[in-house]
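The values are calculated or read from the model by the stated rules, or taken from the named source; none is laboratory data. Remember, it's a predicted structure, so these values are computed and weren't measured experimentally. So basically every Cβ, Gly included, is an ideal-geometry build from the backbone, and we count neighbours across all protein chains shown.
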Amino acid sequence: MASKSKSKHIDLEIKDASLIFARVWSDLEQEFGRAKLCFPGEIIWLGGAPGAGKGTNTPFILEARGITAAAIVISDLLDSPRAQQIKDAGGLVGDEEVTYLLLHKLLDPIYQRGVIVDGFPRTQVQVECLKLFYDKMTELREEFRNHDFPRPLFRTVLLFVDEEVSVERQLHRGREAQEHNRKATELGVGQFAEIRATDLDPEAARKRYQVFKETTFEALRSLRAIFHFRFIDASQSLAKVQQEIEEEFSYQSSLELSHNTFDRVRTITPASRLVLYARQDLVKRLEIYNEDHPGLFQHVIDKVNSKFMPIVTRYAITGMTLVNSEDVLFDNPLALAMLIDIFSERGYQALVDVNHIEVPHRIDPDTHKITCRQKRVYRFQIRFAASAIRHGTH
């Protein structure tokens, strides 16, 4: 790709996304072979205004998604030897070259578990190439269904700040870098921080923001109707921004599973919805026990106080105990439900396992056949917050 002639670079001025992407894809197929074009299933397209905190928040996003590979930063790709060869040959690192460099990089196996791409797409042509890329990944998954071609999951995240915040943050970053470099010079230790020219000049910083707003911002916004898109107000505190990031990147089955798979599993009530009104439902059940079954309810409470709590109290340090009972009271399912709810109301976690045990009952004197009777043993596991013990000192 880097060896393309100068005349071909001039073709980059023709902003035909389908033509550009077709040439990029053809080069990739020639270099790797179609069957080896296995891209990461999850790609997070991260965009942001200057000073929005992409660099600050990228590690947090990586951790939230469990991605171990470092982010692919487009500006770094443009400084790569391949890109430098293009520039040295008098060529422009335009949409076609950027798209090629990115897709080539994405084929590195270290990104198979997922990747963040910082700084793409930046133009409308790159947006159209991104759509075509998604279509190609879907096509390859169908074509190589018995291979490890993942279902593509594209997320677009835009960290946004307004112009005044952006300019102030850029200039603040420049002042901090200058101060850092001054100290490094005086002390003779430490590495010098890179200082962008736009971080020192208010007008240049403002111009940089305006370029972002007119090109990258509009390009990213056009993806809202196609891929999962999250707009995050990055002018908030860092803690608030990271809270929104955490909410965005928590597991979302409707987004991450295929439609068919999700339709099958969605019939099961999710735990988040199940526990939403658990406390209200518990109160309602306890009131019903007391109003409709007062005698049985009191009997179960008495049983808890007389048989269970002495044992539970003995294990206050460990926060867990097991209680076995053969009491016929619990043959009544309602009594069993009452006991579990009573413990829950008092702050305990109660689990019960019903065991059926065969017990020899009689032996036939003639045949010596043993006849057994079945008895029920209720095994209760009671958990609660353990007592904290202060360790003595020697």
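Would you check if there is a residue in the range 205-214 being out of contact with any helix residue (DSSP H, G or I) (no Cβ under 8 Å at 6 or more places or on another chain), surrounded by 15 or more Cβ atoms within 10 Å (Cβ to Cβ), outside the structural domain of I342 (by TED's automatic domain parsing) and acidic (D, E)? No: zero hits.
Within the range 132-172, being in contact with a helix residue (DSSP H, G or I) (Cβ under 9 Å, 6 or more places away or on another chain) and β-branched (V, I, T) holds for T156, V157, V161, V167. Pick out the one residue from T267, T261 that is under 30 Å from D341 (Cβ atoms) and surrounded by fewer than 13 Cβ atoms within 10 Å (Cβ to Cβ). Step by step, each of T267, T261 is checked, and only T267 is under 30 Å from D341 (Cβ atoms) and surrounded by fewer than 13 Cβ atoms within 10 Å (Cβ to Cβ). The residues of the range 204-242 that are assigned to a helix (DSSP H, G or I) and over 23 Å from T123 (Cα atoms), listed by number, are L238, A239, K240, V241, Q242.
Going residue by residue through the range 131-150, is there one that turns out to be buried (at least 20 other Cβ atoms within 10 Å of the Cβ) and under 18 Å from G51 (Cα atoms)? Within the range 131-150, not a single residue is buried (at least 20 other Cβ atoms within 10 Å of the Cβ) and under 18 Å from G51 (Cα atoms). Contact annotation: residue pairs with Cβ atoms under 7 Å, 6 or more positions apart or on different chains, pairing a residue in the range 215-232 that is of a type in the set (S, T, N, Q) with a partner that is not in a helix (DSSP H, G or I), are T215/R122; T215/T123; T216/G47; T216/R122.
A Cβ distance below 8 Å, combined with a sequence gap of six or more or placement on separate chains, defines the contacts here; from the range 279-308, residues that are under 10 Å from L339 (Cα atoms) reach residues that are of a type in the set (S, T, Y) and surrounded by 12 or more Cβ atoms within 10 Å (Cβ to Cβ) in the pairs F297/Y289.
Residue pairs whose Cβ atoms lie under 8 Å apart, sitting 6 or more positions apart in sequence or on different chains, and linking a residue in the range 106-120 that is buried (at least 19 other Cβ atoms within 10 Å of the Cβ) to a partner that is hydroxyl-bearing (S, T, Y) and in a loop (DSSP other than H, G, I, E, B), do not occur here. Can you confirm whether the range 327-344 contains a residue that is within 30 Å of R285 (Cα to Cα), part of a helix (DSSP H, G or I) and of a type in the set (S, T, N, Q)? There is at least one residue in the range 327-344 that is within 30 Å of R285 (Cα to Cα), part of a helix (DSSP H, G or I) and of a type in the set (S, T, N, Q).
Take D281 and decide whether it is farther than 26 Å from S387 by Cβ, more than 45 Å from the chain's Cα centre (by Cα) and either among the charged types (D, E, K, R) or surrounded by 14 or more Cβ atoms within 10 Å (Cβ to Cβ) (or both). So D281 fails the test. Residue check: is H356 within 30 Å of K375 (Cα to Cα) and surrounded by 13 or more Cβ atoms within 10 Å (Cβ to Cβ)? In short, no.
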